[in-house]
Amino acid sequence: MSAIPSPGSVPDVERGRTRLSHLQEFFRIPPGERDHIPAFRIALGVAIPLLVLLGIDRLDLAVYAAFGAFTGIYARFESPRSRTRRQSIAAAVLVVCVGIGALLSSLGASVWVLVVVTSLVSGAGAAIALRFRLKPGGSIFFIFATGAVGSIPGGASVPVAMGVAAASALVCIGLGALAHYAGERMPPEKETYVRVGLSPVGKADLAAHAARFTIAPFIAGVLGTLLIDVLPLLSHSYWAMVAAVAPITPPGRSARLKRGVHRVVGTLLGVIVTAFLLSFPTEAWQLVVWVILLQFLAEIFVLRNYSVALLFITPLALLMTQIGSPHPVPELLASRAIETLIGAVIGMLVVIVGFSSAKRTRAEIDASPHADGDDDD
């Protein structure tokens, strides 16, 4: 006679299966949907301006070009008209972010001013992304551009920084307009989800969306800055701000919390990859080659497995930082790891406290990957 399961044993088994499925998500890589096509386009959009700057011996401007090149990340697998429109909007926001950062840098603004301004940029950028249905959604790239450029001591003037970023963005828009010739189109099974025009999200939802994307990075930036006195290794508080908005970008509480965990695990593993890459003597042109290759690999995996993509996103961000404003490698790696943990925890707390668990709002529905067939960074 078979044994009768004791009360609670079935739920225990189910909980075990759930835990196992969560663990398996770190290793599961779904089949690609011709991801190599946009990945090549995006990497080429990074390569062209960086190689031009390398050729004229002006890699000191590479960081501004790289942020302008983030334009290419937007509007994957869309029609040429839709991609050009949305990439133009994203380019305008990114160039303005670079300009704001360059202004803060030229004024020698304190880290506290940088945190406040970058947080406000985050909220405004997230609202624009939602209103115009930009994919990736959220404000990760806007925070990164403002915070990183604003942190560069003695950086380029505002006109030069914005000009380089704008030129780089135009290259990406041009490549995006031609991408359909290479076969970059929306997969047929997702065409029914494509929406055009402005999002119908209400003012209350839009304001709440902007508030979350302002409050989360602000708290993370303040905490990261305060800890600099305790942990001198910390040097880039905007990394905590970037990590804080990662969990609040996807739709649905469960997806948000998972994104926070994936952000931490993927970043820590990515720091190890970066340590390996920077353990060898490198010249400027080698860093440029690594940035181009890492951008391609990141775009191959970012919609399929976020934690795996971070194996490439993390060294990509750190190498970009090294090109623009070199730091001692141990300090760079420790700062990235610790500040990412700080930001991700803050972001998950905002998810737990600041989102209604009852039903999805219009803002959440519009932020869904199905709205435009894409996901955040």
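Model label points for A207 and D229, set 7 angstrom from Cα along the Cα-to-Cβ axis, are 3.6 nm apart.
Please give the length that would be gained between L268 and A177 if that part of the chain were fully extended, namely 0.36 nm times their separation in residues minus their C-alpha to C-alpha distance (nm, one decimal).
29.1 nm
Model label sites at R34 and L293, defined 7 Å from Cα along the beta-carbon direction, differ in position by 2.8 nm. Computed from backbone phi, the HN-Hα couplings of the range 110-115 come to 5, 5, 5, 5, 4, 5 Hz, rounded to whole numbers (Karplus: 6.51 cos²θ - 1.76 cosθ + 1.60, θ = phi - 60°; Gly and Pro given as x). When each of the peptides 60-72, 116-128, 151-163, 169-181 is scored by how many other beta carbons lie within 10 Å of its residues on average, the order from highest to lowest is 60-72, 116-128, 169-181, 151-163.
For the set V222, V52, solvent exposure ranked by accessible area (probe 1.4 Å, protein chains only) runs largest to smallest as V52, V222.
Rolled with a 1.4 Å probe across the full set of protein chains, the surface gives I338 an accessible area near 60 Å².
With the simple spin-label model, which puts each label point 7 Å out from Cα in the Cβ direction, the R58 to T84 separation comes to 2.7 nm.
The values are calculated or read from the model by the stated rules, or taken from the named source; none is laboratory data. Remember, predicted model here, so these are calculated numbers, not experimental data. Backbone-built Cβ (ideal geometry, glycine too); neighbour counts: all protein chains shown. What goes into the accessible areas is simple: the full protein's heavy atoms, side chains included, and nothing from ligands, DNA or RNA. Shrake-Rupley method; radii C 1.70, N 1.55, O 1.52, S 1.80 Å.
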